[in-house]
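Structure first, commentary second.
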Amino acid sequence: SLARRELIRFWREKARLAGFAAAPLLFWLVVSAGFNDFARFYAGALSLALMFSAVFSNMTLIDDRKEGFLLGVLVTPAPRAGIVLGKVGGSALLAWLQSLIFLAFLPLSGLKPTFFGFLGALATLALIALLFTLVGFLCAWRMPSTQAFHGVVNMLLMPMWMLSGSLFRLDEAHPAMQFLMRLNPMTYGISLLQTALGAGSALDPALSLAVLSGWTALLFALAILWVNRSQHAAA
């Protein structure tokens, strides 16, 4: 029910869809043209669009809390994991579907993934969407206002994206930057996406999948813990 509610709310706010891919698409076209390498920056631009869509879809959580809807959900006997999965699942699905719009520009990049590589890219995008929807959920759960949410999320997302291999590859970076990049879960998401699209990567795909999945599971467990604490506070 919570996931369905997110889909209906999005359908009523079509302006979100219109503005979704504009900035990442502009970034990709300008930067790629400057370096004359459209393939290199495509995965980074695609991930940028997906990250922001996944995280900012959770701003509705702040509205739900102010309107009292969230409190009503917390006092029901519904499983805490179900509440998290419903809210996060609906938002992640929306972010993933929107990323398919940007994926339509793949032929312009010059990348030619195999059929299974393309399926792998779809699966990777779904996992990244789930990860960053959880990031947005955790931020929105504690934020008192949408203004505070915007400030914290922008401060968090841009460094994560810039240190993910989207702008410069891991093997090209300074050793200090390499250390930070290896701590960043988005580095492994970009690596998986580049491998799936046939752009190449310095990281082992199995390692990237394990780290990305591990971070997603950890954040999901943390989200359930925070929801449980809020339920006790509400009681």
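Residue check: is PHE168 of a type in the set (Phe, Trp, Tyr) and farther than 25 Å from LEU134 by Cα? So PHE168 passes the test.
Of all residues assigned to segment 60-75, at least one qualifies as being in a helix (DSSP H, G or I), under 19 Å from the mean Cα position of the chain (by Cα) and at pLDDT below 80. Is it the case that some residue within segment 119-127 is part of a helix (DSSP H, G or I), polar (S, T, N, Q) and crowded, with 22+ Cβ neighbours inside 10 Å? Checked against the condition, which is being part of a helix (DSSP H, G or I), polar (S, T, N, Q) and crowded, with 22+ Cβ neighbours inside 10 Å, segment 119-127 yields at least one hit. If you go through segment 196-209 and keep only what is more than 17 Å from the chain's Cα centre (by Cα), open to solvent by 60 Å² or more (accessible area, probe 1.4 Å) and within 29 Å of LEU85 (Cα to Cα), you end up with ALA206, LEU207.
Scanning segment 171-188 for residues that are surrounded by 19 or more Cβ atoms within 10 Å (Cβ to Cβ) and among the hydrophobic types (A, V, I, L, M, F, W, C) returns MET181, MET186.
Where helices (runs of 4 or more DSSP H) sit wholly within segment 145-208, those with at least 2 residues that are under 22 Å from LEU100 (Cα atoms) and β-branched (Val, Ile, Thr) occupy 185-197.
Among the residues here, ARG4 qualifies as touching a Gly at 6+ places or on another chain (Cβ under 9 Å), part of a helix (DSSP H, G or I), at pLDDT 75 or above and over 20 Å from LEU222 (Cα atoms). Could we say that TRP215 is in contact with a Phe, Trp or Tyr (Cβ under 7 Å, 6 or more places away or on another chain) and either touching a residue at least 24 places away in the same chain (Cβ under 8 Å) or open to solvent by less than 30 Å² (accessible area, probe 1.4 Å) (or both) here? For TRP215, the condition - in contact with a Phe, Trp or Tyr (Cβ under 7 Å, 6 or more places away or on another chain) and either touching a residue at least 24 places away in the same chain (Cβ under 8 Å) or open to solvent by less than 30 Å² (accessible area, probe 1.4 Å) (or both) - is not met. Scanning for something touching a Cys at 6+ places or on another chain (Cβ under 8 Å) and without any contact (Cβ under 8 Å) to a residue 60 or more places away in the chain, does segment 153-161 turn up at least one residue? Yes - at least one qualifying residue is present in segment 153-161.
What is the residue count in segment 45-59 for residues that are in a helix (DSSP H, G or I), over 10 Å from the mean Cα position of the chain (by Cα) and surrounded by 24 or more Cβ atoms within 10 Å (Cβ to Cβ)? The number of residues fulfilling the criteria is 2.
Scanning segment 78-99 for residues that are within 16 Å of PHE10 (Cα to Cα) and without any contact (Cβ under 8 Å) to a residue 60 or more places away in the chain gives ALA92, ALA95, TRP96, LEU97, SER99. Among the residues here, VAL135 does not qualify as closer than 29 Å to GLY68 by Cβ and in contact with a Cys (Cβ under 6 Å, 6 or more places away or on another chain). Could you check, for segment 154-164, whether at least one of its residues is at pLDDT below 85 and either among the hydrophobic types (A, V, I, L, M, F, W, C) or out of contact with any strand residue (DSSP E or B) (no Cβ under 9 Å at 6 or more places or on another chain) (or both)? The answer is yes, given that some residue of segment 154-164 is at pLDDT below 85 and either among the hydrophobic types (A, V, I, L, M, F, W, C) or out of contact with any strand residue (DSSP E or B) (no Cβ under 9 Å at 6 or more places or on another chain) (or both).
Would you confirm whether any residue within segment 88-100 is exposed (fewer than 14 other Cβ atoms within 10 Å of the Cβ) and at pLDDT 80 or above? Yes: segment 88-100 contains one or more residues that are exposed (fewer than 14 other Cβ atoms within 10 Å of the Cβ) and at pLDDT 80 or above.
Among the residues making up segment 120-148, those that are closer than 15 Å to LEU48 by Cβ and small (Gly, Ala, Ser) are ALA129, GLY136.
The values are calculated or read from the model by the stated rules, or taken from the named source; none is laboratory data. Since we're looking at a predicted model, the values are computed, not measured. For neighbour counting, all protein chains shown are included, and Cβ atoms are generated from backbone atoms with ideal geometry for every residue, glycine included. Protein only, heavy atoms only, side chains kept; ligands, DNA and RNA dropped before computing areas. Shrake-Rupley method; radii C 1.70, N 1.55, O 1.52, S 1.80 Å.
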